[in-house]
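Encoded as structure tokens, the structure appears first; notes follow it.
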Amino acid sequence: MAGKKKTTETEAVKAAETTAAGEEVKAAAEAEKPVEEKEAAAPKKKAVRKTSAAKKTTAAKKTAAPKKTAAPKKTAAPKKTAAPKKTATRRKKAVEAPAEAAAPVEAPVEAAAPVEAPVEAAAPVEAPVEAPVEAAAPVEAPVEAAAPVEAPVEAAAPVEAPVETPAEPELPQPRRSIAFIGSECYPFVKTGGLGDVMYALPKALIAQNCDVRVIIPRYKCIPDKYQEKMVYRGAFDMDLCSDGKRYYVGIMEYVWDGVVYDFIDNEEFFSFGKPYTNLIDDIPKFCYFGKAALAALNYMDWIPDVIHCHDWQAGLVPVYLRTMFQNTPLGRSKVMITIHNLRFQGIYDIPTIQYWSGLPDYVFNKDALKQGYNDANMFKGGLTYSNMITTVSSTYAGEIQTGFFGENLDAHLRYHSGKLRGIINGIDYGMWDSATDSLLAAPYDINTVLENKKANKLALQEELGLEKDEGKFVIGLISRLTNQKGLDLINAIVPEIMDGNTQVVVLGTGDAEYENSFRGYENMYKGSFCANIMYDEGRAHKIYAGSDALLVPSLFEPCGLTQLICMHYGTVPIVRETGGLKDTVEPFNEFTSEGNGFTFDRYEAGLLLDAINRAKTLYFTDRSRWDDMVKRDMAKDVSWENSAKQYRALYVEMTQ
């Protein structure tokens, strides 16, 4: 019994010791809780502070470490000793024991002090705990270093710019589909300005949100490099003549720069070496072409909003559209016809044109195709049946309504003046750009024109066998050698131009009278006059760049491209005030120093000579003002963009 009692007392003492130690640990944990909360808040502040502040915080933590970390260790102990709750029953028994037995309990309470030693010994454990905290300071550096990572994100802004660039120029609305029908188109076949327009205007319209197809004949003279790339689209037979005779119509297609080119194939009509031969052959050829072009559109099931015809060769297209094709899907299309040169109209006797076209009798009246008593005029019929008539300059649109320029259609055009508009042509900067022209000895822009133009002049003089002198006044002439271009005026004043300080360069072919006359001048003024009786595209570029002035003294000029090209190359134009020349060249004013060329009005040789002398006087006596005019010419916008916008506005007006 004594042994059992002793054992019970011993267990009671141990339970008391354990309970006392647990209560002491609890009290210490509660006392230390605020310190822990402060300690937990410290890292949050660190993230905001700079590195120097972080170091101070870390140092402060090291000082407080022993006391702070002791609490977590003591707190962890009671959780593990939660199991001794069973001793609560034993404690009750110990309390029932005699009071004297409680005395030995106090000794173990004092002995509980050593329990603190392991707790203090736990302080070294703090070092590894704090080491990561200190080591976390370098982690902050990468956080700050993350700022450079944001730089690429900011640098990504330029990447967004290209994405926005395509959407930046909003295309004009609504979209329109246009079919161009004409007899020639650069680079496939070209004999004059019409070929340039048929090439450049469709390209410019693509940028104005137009869907464009160009339809021309498939001449045998088209270079093989283009013929080989054509794709067969289909073929069919078509009624053409009034007696029911049928002809083959083939469609070959070529796509280039976003424009679709459809070629009407028939060797019976287009196997000649040149686009135009003689009127006897050309009348049947273009009666066939106009009808075949419309039939091809129906065959391909491509119905344009507007059919845009050019010159007399497509003159019957509006007539066919409003008669034979009126009840087809194509009948809902509008039609426009453009006058590039009113002198050529496709006039022949009525029976011939009626046979080859198969048109009904009622269109051969004085208000439509009939011209005079027995003739039919293909161009006149097109003007009558079209919804809109355009010319290639505003001045020319007014001139052709007069007797002198109207070519016997002035009354007819005055009657239709309500649908007559004038839109100036432009030039293709891709073909004509002095800054990128590889044919020049020294390409130049507006900033280098004054220096590099001298180099091009010297290169031109050397190539043509002229006296090499950059101080000479070089006059260029690039033209068909005919009366329409004012060649009779030039021929009359050449001896008065050649004064020892002037050189003349001629490029072109035409009437034998002028070809022989210019060859004679070349022999007479060797080293100062050069006659190139030919047409050479490369040499034309060099003359535009190497000349100081260019002559365009035309009797009439619907638009003219030479004056536009020469201005873009920094060469000063000398022109007669007619048609497009008047619309594009502003005469120089010696008092205000305004203007970009020299002009004369009446068609007289003396006035042309006066304009040339005024240009020479400014060149030799006031070079600074001459140079300013050269720069004004280069700065002038002569591109197709403005013209394309005007044409597009007309297309929309016609189809609303």
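Rundown of residues vs (1) under 19 Å from residue 298 (Cβ atoms); (2) out of contact with any Cys (no Cβ under 8 Å at 6 or more places or on another chain); (3) surrounded by fewer than 16 Cβ atoms within 10 Å (Cβ to Cβ), yes/no style:
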{"site": "187", "(1), (2), (3)": "no, yes, yes"}
{"site": "204", "(1), (2), (3)": "no, yes, no"}
{"site": "224", "(1), (2), (3)": "no, yes, yes"}
{"site": "238", "(1), (2), (3)": "yes, yes, no"}
{"site": "246", "(1), (2), (3)": "yes, yes, yes"}
{"site": "265", "(1), (2), (3)": "yes, yes, no"}
{"site": "271", "(1), (2), (3)": "no, yes, yes"}
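Specify the residue that is farthest from residue 418 (Cα to Cα); the eligible residues are those in segment 353-400 that are hydrophobic (A, V, I, L, M, F, W, C) and part of a loop (DSSP other than H, G, I, E, B). The residue in question is 359. Filtering 376, 397 for residues that are free of Cβ contacts under 8 Å to residues at least 60 places away in the same chain, surrounded by 20 or more Cβ atoms within 10 Å (Cβ to Cβ), of a type in the set (A, V, I, L, M, F, W, C) and in contact with a Phe, Trp or Tyr (Cβ under 7 Å, 6 or more places away or on another chain) leaves a single hit, 376. Exactly one residue out of 601, 583 is surrounded by 15 or more Cβ atoms within 10 Å (Cβ to Cβ) and of a type in the set (D, E, K, R), and it is 583.
Name the residues in segment 336-369 that are over 30 Å from residue 484 (Cα atoms) and open to solvent by less than 10 Å² (accessible area, probe 1.4 Å), would you? Within segment 336-369, 357, 359, 363 meet the criteria. Within segment 203-214, residues that are free of Cβ contacts under 8 Å to residues at least 60 places away in the same chain sit with their Cβ atoms under 8 Å from residues that are in a helix (DSSP H, G or I) and among the aliphatic types (A, V, I, L, M), at 6+ positions apart or across chains, in these pairs: 212/205; 212/206; 214/198. Restricting attention to segment 237-267, the residues that are closer than 25 Å to residue 358 by Cβ and touching a residue at least 24 places away in the same chain (Cβ under 8 Å) total 17. For segment 473-494, the tally of residues that are surrounded by fewer than 17 Cβ atoms within 10 Å (Cβ to Cβ) and farther than 17 Å from residue 611 by Cβ stands at 3. Scoring residue 437 on the criteria (1) open to solvent by 30 Å² or more (accessible area, probe 1.4 Å); (2) among the acidic types (Asp, Glu); (3) modelled with pLDDT of 95 or more leaves a single failure, condition (1). Please tell me if residue 566 is closer than 21 Å to residue 442 by Cβ, among the hydrophobic types (A, V, I, L, M, F, W, C) and either open to solvent by less than 30 Å² (accessible area, probe 1.4 Å) or modelled with pLDDT of 95 or more (or both). So residue 566 fits the description; yes. Looking only at residues in segment 436-450 that are assigned to a loop (DSSP other than H, G, I, E, B) and either among the hydroxyl-bearing types (Ser, Thr, Tyr) or in contact with an Asp or Glu (Cβ under 7 Å, 6 or more places away or on another chain) (or both), the one that is farthest from residue 631 (Cα to Cα) is 438. The condition of being of a type in the set (Val, Ile, Thr), at pLDDT 95 or above and in contact with a Pro (Cβ under 8 Å, 6 or more places away or on another chain) holds for only one of 249, 212, that being 212.
Within segment 440-468, the set of residues being open to solvent by 60 Å² or more (accessible area, probe 1.4 Å) and within 18 Å of residue 527 (Cβ to Cβ) comprises 462, 463, 467, 468.
When segment 400-418 is limited to residues that are among the aliphatic types (A, V, I, L, M) and in contact (Cβ under 8 Å) with a residue 24 or more places away in the chain, the one that is surrounded by the most Cβ atoms within 10 Å (Cβ to Cβ) turns out to be 400. Scanning segment 569-578 turns up no residue that is in contact with a helix residue (DSSP H, G or I) (Cβ under 8 Å, 6 or more places away or on another chain), aromatic (Phe, Trp, Tyr) and farther than 27 Å from residue 437 by Cα.
Residues being over 27 Å from the mean Cα position of the chain (by Cα), surrounded by 15 or more Cβ atoms within 10 Å (Cβ to Cβ) and free of Cβ contacts under 8 Å to residues at least 60 places away in the same chain are represented in segment 420-432 by at least one member.
Table: residues versus (1) at pLDDT 95 or above; (2) open to solvent by 40 Å² or more (accessible area, probe 1.4 Å); (3) under 21 Å from residue 311 (Cβ atoms); (4) small (Gly, Ala, Ser).
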position: 165; (1), (2), (3), (4): no, yes, no, no
position: 171; (1), (2), (3), (4): no, yes, no, no
position: 174; (1), (2), (3), (4): no, yes, no, no
position: 178; (1), (2), (3), (4): yes, no, yes, no
position: 216; (1), (2), (3), (4): yes, no, yes, no
position: 253; (1), (2), (3), (4): yes, no, no, no
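Given the options 243, 262, name the one that is acidic (Asp, Glu) and out of contact with any helix residue (DSSP H, G or I) (no Cβ under 7 Å at 6 or more places or on another chain). None of the others qualify; the one that does is 243.
The values are calculated or read from the model by the stated rules, or taken from the named source; none is laboratory data. Worth saying up front: this structure is predicted, and the values here are computed from it rather than measured. All Cβ positions, glycine included, derive from the backbone under ideal geometry; neighbour counts span all protein chains shown. Each accessible area value is taken on the protein alone, full model and side chains, heavy atoms only, with ligands, DNA and RNA left out. Shrake-Rupley method; radii C 1.70, N 1.55, O 1.52, S 1.80 Å.
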